[in-house]
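Report on one structure; see the data block that follows.
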Ligand code: HEC
Ligand code: HEC
Ligand code: HEC
Ligand code: HEC
């Protein structure tokens, strides 16, 4: 019995060695391309059952497999990834939200602010926007060519000249961003997310974290200009603590600002697409049951009847298969339900946006009037900064209230209350 077991183990060992050897030989002969690349192991599960994301290593010698390199291994996934080009229309926010040319005055977004579209358009959109780019940090969420550079060089990659890095950019957002070179394991390749969450990284499912690498608020750190997230744990990933974070961040003796509003002198914070913070935030109905991928990817069926994760990232309202298989169990009419939530949120976003516009014009008048002391003006500007922050947090979130309507209205309530407080400071 013992002997037999030993023989079996030996046989197995030889088989494993042969398999490994042939794999090594195969990859040496066909480094990539015609041969299907090997599938990587699945993500480990935490005690609470979430898939733990692996974090990409840093340092020199990192190369990147392109989407095309995976085409033969995962033809359906590659084809669905290519479908992202179908989502080709973008909104012109400057035309649709007339108040923002006043609110964002002195900042590029006041003149050129296009809505989002499909992942395959990122390079085209970042190079064609009318907003000027000085540094490579603008590539952070656009291309794995830059992700690799940041993993290789560390923070110094972010302040390289935009035009120099543009020469090295070929691949729009692709497999590497979410899977590294494994082609299937879920990975965090953007180090700033791992840095911001620390050990909390294991508490969030990897299929949400991969999206949280880019669909988050961020700022460029004064000094290094490195892309940085304004929190240090999951618990501090909420609008109140984010505002505190920015208000406590001092740069050369002044409070941090993404831009200074030209006429009124308000030191402003620009919030950017906080989908991750909003969806995982307090009040979220579906956080814990669904990941970003559950609603924006779903499962598709191949010609042979097998299923695969659909990599055409889109609105769940544009995914009838997903609605039929999953959402309709509880939502009899998901589109009208969602549109109802969005209309309410949008109506208030406009209303409060116009109130902010009126208020900031009043602050400009106050600053020019000579009737206020510097201390009074500083208090007014600070109060206004906070009011616009809460509105901004909602305005730039791409679901228009659908991800977390409770948090959305809480932010809008806070913005309105701060507008009243600021008005009371004006005499
Ligand atoms: C490497 C950065 C990055 C990652 C990772 C990422 N996104 Fe995006 N996403 C973007 C950018 C940038 C855009 C806007 C593209 C444009 O307009 O040029 C976008 C656009 C989108 C859109 C289309 C928005 C619209 O209004 O049409 C959806 C949907 C989306 N992302 C969902 C996801 C989901 C779900 C994940 C995770 C599975 C994810 N994204 C991961 C950067 C990223
Ligand atoms: C924006 C992030 C993102 C990009 C880009 C992306 N994936 Fe994925 N991929 C995911 C997520 C999230 C899942 C998990 C979906 C789920 O299980 O809910 C996944 C799942 C997979 C799986 C299945 C893994 C398993 O164990 O079930 C494979 C294989 C895969 N992706 C391959 C690719 C390939 C090849 C590319 C490039 C052509 C690619 N992915 C691009 C996010 C991404
Ligand atoms: C419970 C389902 C659900 C989950 C989970 C979810 N979303 Fe959404 N998301 C939606 C709905 C509904 C909309 C609004 C779609 C529309 O207006 O057509 C939306 C809109 C978006 C948009 C704008 C795209 C568009 O076409 O309007 C982006 C980008 C986005 N979500 C990213 C994310 C990210 C990133 C996560 C995870 C942090 C996430 N979503 C989690 C349901 C979900
Ligand atoms: C097990 C039941 C169930 C399933 C399945 C389900 N939902 Fe929900 N969903 C709910 C409940 C309950 C609410 C809260 C309803 C309310 O606030 O009136 C909700 C709310 C929502 C909201 C609004 C969230 C907010 O903050 O107001 C969105 C968006 C949403 N669901 C999208 C989806 C999508 C997309 C799917 C399919 C992928 C889905 N749901 C599947 C039960 C479900």
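Please find, within the range 267-292, the residue that is farthest from ligand 2 (Cβ to nearest atom) out of those that are in contact with a helix residue (DSSP H, G or I) (Cβ under 8 Å, 6 or more places away or on another chain), part of a loop (DSSP other than H, G, I, E, B) and closer than 23 Å to residue 227 by Cα. The qualifying residue farthest from ligand 2 (Cβ to nearest atom) is 269. Among the criteria (1) at pLDDT 95 or above; (2) away from ligand 3 (no atom under 16 Å from the Cβ); (3) within 24 Å of residue 299 (Cβ to Cβ), the one residue 186 does not fulfil is (2).
Could you please let me know if residue 223 is without any contact (Cβ under 8 Å) to a residue 12 or more places away in the chain and either assigned to a helix (DSSP H, G or I) or surrounded by fewer than 22 Cβ atoms within 10 Å (Cβ to Cβ) (or both)? It is true that residue 223 is without any contact (Cβ under 8 Å) to a residue 12 or more places away in the chain and either assigned to a helix (DSSP H, G or I) or surrounded by fewer than 22 Cβ atoms within 10 Å (Cβ to Cβ) (or both). Just one of the numbered conditions (1) crowded, with 20+ Cβ neighbours inside 10 Å; (2) within 10 Å of ligand 2 (Cβ to nearest atom); (3) in a helix (DSSP H, G or I) is not true of residue 311: (3). Filtered by the rule that a residue be near ligand 4 (Cβ under 8 Å from one of its atoms) and either closer than 15 Å to residue 87 by Cβ or outside any loop (DSSP other than H, G, I, E, B) (or both), the range 318-327 gives 322, 323, 327.
To keep it simple, each residue is scored yes or no on (1) closer than 18 Å to residue 405 by Cα; (2) touching a helix residue (DSSP H, G or I) at 6+ places or on another chain (Cβ under 6 Å); (3) more than 11 Å from ligand 4 (Cβ to nearest atom).
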position	(1), (2), (3)
298	no, yes, no
301	no, no, yes
306	no, no, yes
311	no, yes, yes
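Of all residues in the range 293-307, those satisfying the criterion of being within 7 Å of ligand 2 (Cβ to nearest atom) and either outside any loop (DSSP other than H, G, I, E, B) or surrounded by fewer than 19 Cβ atoms within 10 Å (Cβ to Cβ) (or both) are 293, 294. So in the range 83-135, with the set limited to residues that are away from ligand 1 (no atom under 16 Å from the Cβ), modelled with pLDDT under 75 and under 28 Å from residue 359 (Cα atoms), which one is surrounded by the most Cβ atoms within 10 Å (Cβ to Cβ)? Looking at residues that are away from ligand 1 (no atom under 16 Å from the Cβ), modelled with pLDDT under 75 and under 28 Å from residue 359 (Cα atoms), I get 110. Among the residues making up the range 393-420, a single one is within 15 Å of ligand 4 (Cβ to nearest atom), surrounded by 21 or more Cβ atoms within 10 Å (Cβ to Cβ) and more than 21 Å from the chain's Cα centre (by Cα): 412.
Residues in the range 174-193 that are assigned to a helix (DSSP H, G or I) and farther than 15 Å from residue 43 by Cβ were compared, and the one that is nearest to ligand 1 (Cβ to nearest atom) is 177.
Among the residues of the range 234-256, those that are in a loop (DSSP other than H, G, I, E, B) and either touching a residue at least 40 places away in the same chain (Cβ under 8 Å) or at positive phi (or both) comprise 234, 237, 238, 252, 253. Within the range 268-292, if we keep just the residues that are buried (at least 21 other Cβ atoms within 10 Å of the Cβ) and away from ligand 3 (no atom under 16 Å from the Cβ), the residue that is nearest to the chain's Cα centre (by Cα) turns out to be 269. Against the test of being more than 10 Å from ligand 4 (Cβ to nearest atom), closer than 29 Å to residue 230 by Cβ and out of contact with any helix residue (DSSP H, G or I) (no Cβ under 8 Å at 6 or more places or on another chain), the options 390, 384, 354 yield a single qualifying residue, 354.
So which helices (runs of 4 or more DSSP H) stay within the range 48-161 end to end and still have 2 or more residues that are within 20 Å of residue 174 (Cα to Cα)? Spell out the reasoning first.
Numbers: elements: 75-82, 93-96, 100-103, 122-128, 144-153.
Here the list reads 75-82, 122-128, 144-153.
Taking into account only those residues within the range 362-375 that are part of a helix (DSSP H, G or I) and touching a helix residue (DSSP H, G or I) at 6+ places or on another chain (Cβ under 7 Å), which is surrounded by the most Cβ atoms within 10 Å (Cβ to Cβ)?
Going residue by residue through the range 362-375, those that are part of a helix (DSSP H, G or I) are 362-369, 374-375.
So of that shortlist, the ones also touching a helix residue (DSSP H, G or I) at 6+ places or on another chain (Cβ under 7 Å) come out as 363, 366-367.
Working: 363: 23, 366: 19, 367: 17.
If we take residues in the range 362-375 being part of a helix (DSSP H, G or I) and touching a helix residue (DSSP H, G or I) at 6+ places or on another chain (Cβ under 7 Å), then 363 is surrounded by the most Cβ atoms within 10 Å (Cβ to Cβ).
Please name all residue pairs, on different chains or six or more residues apart, with Cβ atoms under 7 Å, provided the first residue is in the range 205-218 and is farther than 15 Å from residue 313 by Cα and the second residue is within 9 Å of ligand 3 (Cβ to nearest atom). Sorted first by the residue in the range 205-218, then by its partner, the pairs are 205/291; 216/276; 216/277; 217/277.
The values are calculated or read from the model by the stated rules, or taken from the named source; none is laboratory data. Worth saying up front: this structure is predicted, and the values here are computed from it rather than measured. Cβ: placed from backbone, ideal geometry, glycine included. Neighbour counts: every protein chain shown.
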